[in-house]
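Readers should treat all values here as calculations from the given coordinates under stated rules, not as data from a laboratory. What you see is a predicted model, and the numbers here were worked out from it, not measured in a lab. Counting neighbours? That spans all protein chains shown, and the Cβs are built from the backbone with ideal geometry, glycine included.
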Amino acid sequence: MLTKRIIACLDVKDGRVVKGIQFVDLIDAGDPAALAVAHAEAGADEIVLLDITATHEERGTLIETVKRASRGLFVPFTVGGGIRTLDDASAVFDGGADKISVNSAAVARPELIDEIGRCFGAQAVIVAIDGRRSSSGTGDASDPVRDAEVFIGGGRNPTGRRVIDWAREAEDRGAGELLLTSMDSDGTRNGFDCELTAAVSEAVAIPVIASGGAGNAGHFVEVFGRGKADAALAASIFHFGISSARELKVELASRGIPMRLPC
Amino acid sequence: MSGIAVVDYRAGNLTSVVKALHFLGAEPEVTSDPDVVSRASKVVLPGVGHFAATKFLDERGLSEAIRSRAKEGVPFLGICVGLQWMFEGSTEAPSVAGAGFLEGQCERFETIEKVPHVGWNSLEVRSDSRLMKGVASGDFVYFTHSYRASLHHDTVAVTDYGGPFTAAVEAGNLMGVQFHPEKSGKTGLTVLKNFLDL
C-alpha cells in the first residue's frame, strides 16, 4: 500500500538552520547536513531543505551544504529557495539533490518548470505555492477557498492568480508534485488548511504536499483524510512534544493512516 | 576488465545512484562510451524521466554494447526507466524499442489513484531472488513513475498500486528495479549491495 509521507523541512540561512527541527543531542544543531541525516534516521520519509539566503555569494555555501547532506542521505532530498534558472537547478542536482522546488521564479517565468522538467524529469520538479484564502468580494459567487490567491516573495506579494489555476498550470507544464503552504494556517499550530488542500488535490492528478499549521498528530490525520494530501511537511511540530518523525508516524499509523513503518 | 559502468544517457541526474554505490564501497564509472561498457564487470542503467530518452542508447551504440555484455553473463541492473528498457518497449514512446531482454510492453498506470505513483510502497518478494535477498515482504521502497511493467514470470517483487505490477525482475544476470534503491533507505542499500556482491 502506498503510504502517506512525512517530510522533514529545514529552513537554512547562510548555511545554518534557522527554523525547523532541532535535535538536542547533535553536536552542531544548526548544521543542516547533520540535521538532514538525523531526520532521515529518525524516520522522515523525505527531507526538504529550503534556502532563504539572500545573496549570490552565499549560494556557494548552499551547494556545499547540499553535498555534505546528500552524502549520507538515502531518502529523497529536495532543495528549494533561490532557484531561478536551469543552471541554478543543475548546480543543486549536481550537489546531490533529487528534486528541486521552485516558487516565485516559476510564477515570474512559468517556462522554468518546463525547462527543468525536460532536463531532469517531471519527478524532479516540485512547484511550491504560497496561498491565502480570498477575502475580497462578499457576493454569493465568491468562494474564499476556490478563489484563494497565490503570493510570492515569501508571502509578501499578491499575484492576482488563483491557487487552483496556478496549480493546474504547473501540472500542465510538467511539475511532478505541488508543495502547498497555507499562509492563513502557517505558524498558527491550529491545523492545516484542509479545505484549500483538498481543493488543490482534487484539481490536479499529481501529489500534493500540505504545509502550514501543524500543531499535533491529529492535524496530520485530518489533512491526510479530509484534506486529501499525499504528504505533509513537518517543521516546528517537533518542538512541541513530538520528538521525531518516527514517533509521529507510529501515532498516525495507530489512527489508521498508512505509514512506512518500521522506519 | 574494468569496474562498474553506470550508463549516462542524458536522462536526468545520476548523482544519487553513484553516491549510493560509493557509499557501499564501489568505484563506479559514469560513462556514455560503449567501449567502457564492453569492458565493464557490471552495468547499471539508471534513468528517470521519459522512455524516449533511451533512444540515445541506440544512437551512441550503447544498446548494442549493453546487450552483448549482458549476453556474456555480466550482471546488469536497470533502475526505473532502466527496468522498463529491459522490456520490448513502452507505450510512453512507441517508436523507441527497448532491449527486449523480457517480452512485453510497459504501459501507463490505469487506475483511479493519482498518477504518477510517488512515494513509499511495500513489496511482495519472491524468496529465490538473489537481488532481493534480505528484503522481506512488507518492506517499503521509494517509487516515482507513471509507467510500469505488468507481472512477468521473471518478476521477483510485486507492488500494488491500483493493481499489481513488477517492482523487480530477475532473469539470471539480468535484473531490474522499478523503485529507486538509491532513495529507499536501508532496504534500497540492501538491494544495491546484493547486486555489487554478485
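What is the diffusion coefficient of region A:218-263 in µm²/s, taking the Kirkwood radius over Cα pairs and the Stokes-Einstein relation at 10 °C with a viscosity of 1.306 mPa s?
145 µm²/s
How do A:W166, B:W120, B:W85 line up, fewest other C-beta atoms within 10 Å first?
Exposure proxy ranking, most exposed first: A:W166, B:W120, B:W85.
Which number comes out as Rg/Rh for the protein assembly as shown once both Rg and the Kirkwood Rh are worked out on C-alpha atoms?
Radius of gyration over Kirkwood radius for the protein assembly as shown works out to 0.97.
Starting from the Cα of A:K13, draw a straight line to each of the lysines and keep only those under 24 Å, dropping any in the same chain fewer than 8 residues away.
By straight Cα distance, A:K13 reaches A:K67, A:K99.
What order do you get for A:D98, B:D35 when you list them from fewest to most C-beta neighbours inside 10 Å?
Result, fewest neighbours first: B:D35, A:D98.
Highest GNM mean-square fluctuation, chain A, Cα pairs closer than 10 Å: which of A:G121, A:G43, A:G227?
Result: A:G121 has the largest fluctuation of those listed.
Please sort by residue number the GluC sites (Glu not before Pro) in region B:76-167 whose DSSP state is loop and whose Cβ has at most 10 other Cβ atoms within 10 Å.
B:E103, B:E110
Of the trypsin sites (Lys or Arg not before Pro) in region A:60-145, which ones lie in a loop per DSSP and count no more than 12 other C-beta atoms within 10 Å?
none
If you average the sequence gap of Cα pairs under 8 Å that are 6 or more apart and divide by the length of chain A, what percent do you get for the contact order?
18 percent
Per residue of B:159-166, how many C-beta atoms from partner chains lie within 10 Å of its own C-beta, taken as a mean?
1
What are the ³J(HN,Hα) values, in whole Hz, obtained from phi via the Karplus relation 6.51 cos²θ - 1.76 cosθ + 1.60 with θ = phi - 60°, for each residue of region B:54-65 in sequence order, with x given for Gly and Pro?
5, 3, 4, 5, 5, 4, 9, x, 6, 4, 5, 4
I'd like the GluC sites (Glu not before Pro) in region B:1-85 restricted to DSSP loop residues with at most 13 other Cβ atoms within 10 Å, sorted by number.
B:E72
FRET efficiency for B:E59 and A:R118, Cβ-Cβ distance as r, R0 = 25 Å, nearest 0.05?
FRET efficiency, B:E59 to A:R118: 0.90.
I'd like the Kirkwood hydrodynamic radius of region A:82-189, using the inverse of the mean 1/r over distinct C-alpha pairs, in Å.
14.4 Å
Report the net charge of residues surrounding A:G227, where surrounding means a beta-carbon distance below 12 angstrom and charges are Lys +1, Arg +1, Asp -1, Glu -1.
-2
Output needed: percent of Cα pairs per 10 Å distance bin for region B:4-196, bins running from 0 to the one holding the longest distance.
10, 41, 39, 10, 0
If you rank B:S68, A:S182, A:S244 by fewest surrounding Cβ atoms within 10 Å, what's the result?
Arranged by neighbour count, lowest to highest, B:S68, A:S182, A:S244 become B:S68, A:S244, A:S182.
Using only the Cα atoms of region A:5-254, construct the convex hull and provide its projected area averaged over every direction, in square nanometres to one decimal.
That works out to 12.7 nm².
Too long at a 18 Å Cα-Cα cut-off: which of B:K19/B:K71; A:K4/B:K114; A:K249/B:K133?
Long pairs (Cα-Cα over 18 Å): B:K19/B:K71; A:K249/B:K133.
Tell me the mean residue ellipticity at 222 nm calculated for the protein assembly as shown from its helices only (DSSP H runs of n ≥ 4, each -39500 (n - 2.57), averaged over every residue, nearest 500). Walk me through the intermediate numbers first.
On the way: 15 runs with 134 residues, N = 461.
Mean residue ellipticity, 222 nm, calculated: -8000 deg cm²/dmol.
Please state the relative contact order of region B:4-196 as a whole percent: Cα pairs under 8 Å, 6+ residues apart?
Answer for region B:4-196 is 19 percent.
Taking each residue in A:73-80, count the Cβ atoms of any other chain within 10 Å of its Cβ, then average. What number comes out? Present the calculation step by step, with values, prior to reporting the outcome.
Details: counts 6, 16, 8, 10, 2, 0, 0, 0.
Per-residue shielding by partner chains comes out at 5.
So, counting K/R as plus one and D/E as minus one, what does the shell of residues with Cβ under 11 Å around A:N157 add up to? Present the calculation step by step, with values, prior to reporting the outcome.
Details: positive: A:R156; negative: A:D130, A:E149.
My count for the surroundings of A:N157 gives -1.
What ranking, highest mean first, results for peptides B:167-175, A:197-205 when packing means the other Cβ atoms within 10 Å averaged over each residue?
On the way: B:167-175: 21.6, A:197-205: 19.9.
Result, highest mean Cβ count within 10 Å first: B:167-175, A:197-205.
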